[in-house]
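Novice: Take a look at the following structure, please.
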Amino acid sequence: MNATPHVVCTRCGGVNRLPPGRPAGEARCGHCHEPLFAGSPANLDEAGLERQITRGHLPVLVDFWAPWCQPCQVMAPAYAQACRELEPRVRVAKLDTQAHPEPAARYGIRGIPTMILFRDGLEQARTSGAMDAPAIVAWVQEALRG
């Protein structure tokens with residue numbers, strides 16, 4: 001990772017450099033001035049997903065879900081809790097496959113919920129099925145070690 005990692009704002013898409021020695025969790029976007037880490041998963045569309053994966057230096061965890069999916073609804077609070085534990089080391093996001101089917105097709109999503117961890121622009125790991133927060137955090141940490 002660079003000495004000054006780039007973080008993409010989930011609200012405006014602006015690319016921000018995080019200066020070393022300053023707490024990343026308190027960082028604000030230099031473009032829209034909103035917090036770069038909100039403590040909850042960011043809702044992404046296709047363009048936002050692509051920008052997070054290709055322009056930011058953080059690993060990006062994406063939950064591919066849909067509003068009609070019961071397991072997705074059950075996992076949502078656990079995913080939010082995992083987000084609070086993983087940020088600011090990992091960008092945590094959600095993508096609604098019903099509203100944005102193109103990325104789900106591109107990444108071969110066959111069942112939901114499916115979580116994909118991207119790192120350096122590439123898929124690092126994938127898992128399907130609902131998980132509790134400790135399992136999500138452990139899965140991400142293990143995938144980042146590998």
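The values are calculated or read from the model by the stated rules, or taken from the named source; none is laboratory data. If you're wondering where the values come from, they're calculated on a predicted model, not measured in any experiment. Counting neighbours? That spans all protein chains shown, and the Cβs are built from the backbone with ideal geometry, glycine included. We work out accessible area using only protein heavy atoms, side chains counted, and drop any ligands, DNA or RNA first. Shrake-Rupley method; radii C 1.70, N 1.55, O 1.52, S 1.80 Å.
Novice: Based on the Cβ-Cβ distance from Leu122 to Trp68, what FRET efficiency comes out when R0 is 35 Å, to the nearest 0.05? Mind showing how you got there, number by number?
Specialist: On the way: r = 30 Å, r/R0 = 0.86.
That pair, Leu122 with Trp68, gives E of 0.70.
Novice: So how tilted is helix 46-55 from the main axis of the chain? Cα-based, degrees 0 to 90, rounded to 10.
Specialist: 50
Novice: Take Ala138 and Arg28, extend 7 Å from each Cα along the Cα→Cβ direction, and tell me the distance between the two endpoints in nm.
Specialist: 4.0
Novice: For region 1-32, run through the trypsin sites (Lys or Arg not before Pro) and keep only the ones in DSSP coil with at most 16 other Cβ atoms within 10 Å of their Cβ. Kindly include the intermediate steps, with their values, before the conclusion.
Specialist: On the way: sites: Arg11, Arg17, Arg28; in loops: Arg11.
Hits after loop and neighbour filter: Arg11.
Novice: Further question on the same structure: Residues of the chain: accessible area per residue at 1.4 Å, in Å²? The partial results should precede the final answer.
Specialist: Working: 7390 Å² over 146 residues.
Per residue, the chain has an accessible area of 51 Å².
Novice: Return the calculated 222 nm mean residue ellipticity for the chain, to the nearest 500 deg cm²/dmol, obtained by summing -39500 (n - 2.57) across DSSP H runs with n ≥ 4 and dividing by the residue count.
Specialist: Details: 4 runs with 46 residues, N = 146.
Calculated mean residue ellipticity at 222 nm is -9500 deg cm²/dmol.
Novice: Could you give the dipole magnitude of region 59-142 about its Cα centre, charging the beta-carbon of Lys and Arg +1 and that of Asp and Glu -1, in debye to the nearest 20?
Specialist: Details: 8 positive and 9 negative charges, 16 e Å.
Dipole about the Cα centre, nearest 20: 80 debye.
Novice: Output ³J(HN,Hα) for region 11-22: one whole-Hz value per residue in order, computed from phi by the Karplus curve 6.51 cos²θ - 1.76 cosθ + 1.60 with θ = phi - 60°, and x for Gly and Pro.
Specialist: 8, 10, x, x, 9, 10, 9, 8, x, x, x, 10
Novice: May I ask you to give the average projected area over all directions of the convex hull of the Cα atoms of region 1-120, in nm² rounded to one decimal?
Specialist: Working: hull surface 28.0 nm².
The number I arrive at for region 1-120 is 7.0 nm².
Novice: Can you work out the PRE-style zone for Asn43? Point 7 Å along Cα to Cβ, and I want the residues of region 121-137 with backbone N under 20 Å.
Specialist: Flagged as within label range: none.
Novice: With a cap of 13 neighbouring Cβ atoms within 10 Å, and only residues DSSP puts in a loop, list the chymotrypsin sites (Phe, Trp or Tyr not before Pro) found in region 49-146.
Specialist: Numbers: sites: Phe64, Trp65, Trp68, Tyr79, Tyr107, Phe118, Trp139; in loops: Trp68, Tyr107.
Here the chymotrypsin sites (Phe, Trp or Tyr not before Pro) that fit, given the DSSP loop and packing criteria, are Trp68.
Novice: Now, a different point. Would you kindly enumerate the cysteines in the chain that have no other Cys beta-carbon under 4.7 Å from their beta-carbon?
Specialist: By the Cβ distance rule, which asks for a partner under 4.7 Å, the isolated cysteines are Cys83.
Novice: Using the Cα centre as the reference, give the magnitude of the dipole from point charges on the C-beta atoms of the chain (Lys, Arg: +1; Asp, Glu: -1; all else neutral), rounded to the nearest 20 debye. Could the numbers behind the result be given before it?
Specialist: Numbers: 15 positive and 14 negative charges, 69 e Å.
That gives a dipole near 340 debye.
Novice: Moving on. Bin width 10 Å, alpha-carbon pairs only: give the P(r) of region 49-146 as whole percents, running from 0 to the bin holding the largest distance.
Specialist: 17, 54, 29, 1
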